[in-house]
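The values are calculated or read from the model by the stated rules, or taken from the named source; none is laboratory data. From a predicted model like this one, the values you see are computed outputs, not experimental measurements. So basically every Cβ, Gly included, is an ideal-geometry build from the backbone, and we count neighbours across all protein chains shown.
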């Protein structure tokens, strides 16, 4: 399992390392495994369910994992209680490993039947190819335990010795997994002398461990962690990514000695600042380009905007369809060493674009630098853990008078003034030759992501509705669409937006796009116009027609149908939905009753829906605002109740009275 | 991750030339296609040669023109499967941009991965090559040669695809004296060009695309154009290939699989010790297989067809479909009941009586019912002229009890394998009364429009099997979410107050769901009117996309009979102003009736919905569409009450 790297300076390729690290995250790492088994507690055999989490398919009663970098050994021990038929899948065991770098040996497994009798595994262990490419050989040892039934306990153990002279560059205890863990013991013995590696020091960190769980360092330098009652990970809609929930401990070797977080980030930010300065240190090239970009009399903000447009005109390699190495070579794509290269080549990565922006802004007299941040769609910045790898992206920070303006010209779907949602409401490190500084990038408010709908319909005497629907995707909502469909053509984009809009409407509605504009101008909303028909819904009753106040069906609200929830509710960004609908009525029709106007204002969530009569038409307005992102699970009942109220308001009906004359027409 | 790996191992740039067949294909003029067409197959070729020893070498060539960016991933990745019996002799791919500066990639750039989505272990693998510059306007092509010694001497040319095909060619070169039979499926027959040296060649042009993804469409292989070929040595048992000879081949392959052991005999003896009748014994044994043998697939080489022995399956307590069928058959033999393998494709419509090929992916058992077994409640039976009454049984579907077969196997063809050979048998479509959902509910409406409900659903047959799969695949604590999700389809707002499941794990008993809920504001008030939808729960889902023409028949998974009986106790002081009109539909496909009545202060809604067939042809879809529009209208119909007293 995992990432065993040779101490003889043999370095895994970036691909191999990436794959191996992924495996590390997927795999159970491991102690010695002999033929001894831990004693069976009769109470465990008698268990009918997980008392701590009733209704489980299975639970891990005990797990022991041990890795010894000095002895190049790792071992794993699992004891799992099966409660249901669905839980029996735990008896199919797959142990991935990197062939040639490690092996899987001494596999032992057995099934303890509810009666207490034991069935030893004596079957075949298969060696399955997962992937072979360019020297990388990932295989799986697979086997299935015999005679597995609900009520039984299965257990298995194995050793995974790795290449002598190798060690785990990064080792992870996956404390929390998809099954509840009752008791777990994890041991790691790092190299006694990290300096025998290409690294100098050894470090470790804990992520999302329960408060009582702490790895204990032993006098021999090893680490031991005992955990109890770790709940299973739950997949729920509108949750933060699993890696931002999952309890784990990471050990790694590093080039740097332990510093205080302040010292570490100051030094790291200083390094980044120097690199940035070096990259943009082409005054002549920048001034020439700037002269063609801005006019000396432009206002400071105009200059910043013009520079933004200039940078985004450069070909951005990071957002193109993936290319093979041969294509890149054929195209003679070269690495840019500085801003002059970027300008001369006419292309660059997103990093190049942001650095170029800093260079041009500085050339125009602005104080500008980069802030490195942890994108919150993937990871979290925990400064105390001193991991620069968390800060995977950067944002330009430029001073406009007293204001900090945050920009990401390297994300071509985002206009001046708007950074991708996953780069705001985060902390990061500002790069500066004077030393890094931890700073916060503020989040958006709800006005920065809007869906605006305008509907003009006329009601036919038969009860159907026909007219036009116009939708504008504003701010983050437009940018998210532009990002996801960036490599598609107009046919594909039209189809995807059509399908999205159609999903909001009653199932029998027809929507045909007639105009689709401003996709390529990221400063404008994506604008979609189309014809809409909604057949009669059989709502004619005794001289009346009943119509819903909203034809739009909230997709998000449907995600909170369950009364139970484990994780916080997490929206990517605050947002608004606004509807303005006019329905022209046939002659002889008038409003009999409108439901009372619903307005709701509960903390970060506001909602209003109402209707008014205007001559021979009705005018409907609806607004829904979520001005928050993270709603702790303890407030879930409230959040769910609010969304129920929204659904109820949307489902309210108005009643139109049909005159006798009109009824006979 | 794989994409990164592929990019990382792609070869260094060098100049290349494309083979003549690809260059020729690239120079074709292509007609105009609908704007959403991703790509077009310019040329597709399969050349198969079979030598006197039965070794097969196949050359595959394909040239695509990329029309839209969406095609980049779909057609820009070459995937060639192989296994321990199949060797890839060569593999190459090219990309021709308009500049003519050609890319070429080959075996060195290939990545290898396992393919076993459903198996714990399989020796099936695949080579994957990322073809450079699979971008709009470019032509890409690939060629590979495979060598194999197949277990079954048959080939299938699946020439019709989800994108248009301009030219396609298939040729078969047989060793001297060998023969072949060809079968056209879902496409007009085309005669081959033949040479006197045993070469057959078929050429097609302008094959229309078959789009994917319409609701209730049959399996793609059941509607796509394809050519099936069986070839064989003359004057052999396979001359010609028939269902009988295919069955003989499988009978021979499995002749030792069902040998029993003392342990199996002992188990059968224990299981049947208290069973007084043959039927009870059969039930005890089938229950054992369903409950005690776990589905685990391990397939190596011929293991894709040949089951593990009954002994191995019994010891492990696991196996795949053919393994479980093998053990069951061996155990039944111990009580004197004969049974036969049945090879079938789980996609209805793929196996066709006039096309004797082993296009199958599943094995079940046909149990020859002894005369003393009452068969009134055993629905999955046929009367075979030679074998008598056969009862079909799927060992892998533990939620489908004895007497039933899963819906996808109904109205489907299976090859019954006996020592005397094979016989293709049509499995029955079980009648609607065997697949029932009975929903009853007592609702109480408050003066403010809140609805409180006590609901019971009783299921057997296919509806029970479907729901058991759903519920039992979830952890017990998550099952309530399934009920909540169901209710959210019909109710804007609700609180589930009680949920109980009866007989969930007892598949031969009715599955019972009891749940109570409260739905605030269910009834809408408009002045003195109270408006309520009497069909509170349930949707008979078959929506036709109004924006696209329907190109395929409709396939129902099973024939079913659902009934709803709802009583809604109204608040005092209301009288009916308008009730939904009754609906009655009866045609060859569907029976539907509904009625709403007011009895005292109780609004009674009852309906019956019966699907009578599994298949509705395209020509009949107009009628079916009208049926379901009327059903949908009925489900949405409103009852209007007016206040008669304050």
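Residues in the stretch A:97-126 that are within 11 Å of another protein chain (Cβ to nearest Cβ) and closer than 22 Å to residue A:137 by Cβ: A:124, A:125, A:126. The condition of being part of a loop (DSSP other than H, G, I, E, B), more than 13 Å from chain B (Cβ to nearest Cβ) and surrounded by 18 or more Cβ atoms within 10 Å (Cβ to Cβ) does not hold for residue A:354.
Taken residue by residue, the stretch B:538-546 has at least one member that is at the interface with chain A (Cβ under 7 Å from one of its Cβ atoms), within 27 Å of the chain's Cα centre (by Cα) and within 22 Å of residue B:633 (Cβ to Cβ). Residues that are out of contact with any helix residue (DSSP H, G or I) (no Cβ under 8 Å at 6 or more places or on another chain) and under 16 Å from residue A:346 (Cα atoms) within the stretch A:267-291 comprise just one, A:288. How many residues are in a helix (DSSP H, G or I) and away from chain B (no Cβ under 14 Å) if we restrict to the stretch A:640-663? Residues flagged as in a helix (DSSP H, G or I) and away from chain B (no Cβ under 14 Å) within the stretch A:640-663 amount to 3.
For residue B:315, the stated conditions do not hold, so it cannot be described as farther than 20 Å from residue B:403 by Cα, at pLDDT below 95 and more than 13 Å from chain A (Cβ to nearest Cβ).
Restricting A:55, A:87 to residues that are in a loop (DSSP other than H, G, I, E, B) and either modelled with pLDDT of 95 or more or crowded, with 19+ Cβ neighbours inside 10 Å (or both) narrows the list to A:55. The strands (runs of 3 or more DSSP E) found entirely in the stretch B:112-174 that carry 1 or more residues being under 14 Å from residue B:46 (Cβ atoms) and either within 14 Å of chain A (Cβ to nearest Cβ) or in contact with a strand residue (DSSP E or B) (Cβ under 8 Å, 6 or more places away or on another chain) (or both) are B:139-148, B:154-157, B:165-173.
Consider residue B:219 carefully, then state whether it is farther than 30 Å from residue B:333 by Cα and at pLDDT below 95. For residue B:219, the condition - farther than 30 Å from residue B:333 by Cα and at pLDDT below 95 - is met.
Kindly provide the set of residues from the stretch B:222-254 that are part of a loop (DSSP other than H, G, I, E, B) and at pLDDT 90 or above, ordered by number. Before you say what the answer is, go through the steps one by one.
First pass over the stretch B:222-254, keeping only residues part of a loop (DSSP other than H, G, I, E, B): B:224-225, B:233-242, B:254.
Residues satisfying the conditions are B:224, B:225, B:242, B:254.
Listed by first and then second residue, the pairs linking a residue in the stretch A:484-507 that is within 11 Å of chain B (Cβ to nearest Cβ) to a residue that is loosely packed, with under 15 Cβ neighbours inside 10 Å and assigned to a helix (DSSP H, G or I), with Cβ atoms under 9 Å apart and 6 or more places separating them unless they lie on different chains, are A:485/A:496; A:488/A:496; A:496/A:484.
The residues of the stretch A:281-305 that are more than 32 Å from the chain's Cα centre (by Cα), surrounded by 14 or more Cβ atoms within 10 Å (Cβ to Cβ) and closer than 29 Å to residue A:482 by Cα, listed by number, are A:289, A:290, A:293, A:294, A:300, A:301, A:303. Beta carbons closer than 7 Å, at least 6 apart along the sequence or on distinct chains, pair a first residue in the stretch B:484-506 that is over 15 Å from residue B:468 (Cβ atoms) and within 9 Å of chain A (Cβ to nearest Cβ) with a second that is surrounded by fewer than 18 Cβ atoms within 10 Å (Cβ to Cβ) and at pLDDT 95 or above for B:494/B:518; B:495/B:518. Residues of the stretch A:134-169 being assigned to a strand (DSSP E or B), touching a helix residue (DSSP H, G or I) at 6+ places or on another chain (Cβ under 6 Å) and over 20 Å from residue A:88 (Cβ atoms), which ones? A:136, the sole residue that qualifies.
All told, residue A:161 meets the bar of being within 28 Å of residue A:192 (Cα to Cα), more than 9 Å from chain B (Cβ to nearest Cβ) and more than 31 Å from the chain's Cα centre (by Cα). Only a single item in (1) away from every other protein chain (no Cβ under 14 Å); (2) part of a strand (DSSP E or B); (3) crowded, with 19+ Cβ neighbours inside 10 Å is not met by residue B:624, and it is number (2). Residue count for the stretch A:51-63, restricted to those that are farther than 10 Å from residue A:181 by Cα and over 29 Å from the mean Cα position of the chain (by Cα): 3. For the stretch A:577-629, taking the residues that are within 14 Å of another protein chain (Cβ to nearest Cβ) and not in a strand (DSSP E or B), the one that is surrounded by the fewest Cβ atoms within 10 Å (Cβ to Cβ) is identified as A:596. Among the residues of the stretch B:48-89, those identified as assigned to a strand (DSSP E or B) and buried (at least 21 other Cβ atoms within 10 Å of the Cβ) are B:50, B:62, B:63, B:64, B:65, B:66, B:78. Does residue A:246 qualify as being away from every other protein chain (no Cβ under 14 Å), within 27 Å of residue A:428 (Cα to Cα) and not in a helix (DSSP H, G or I)? Yes.
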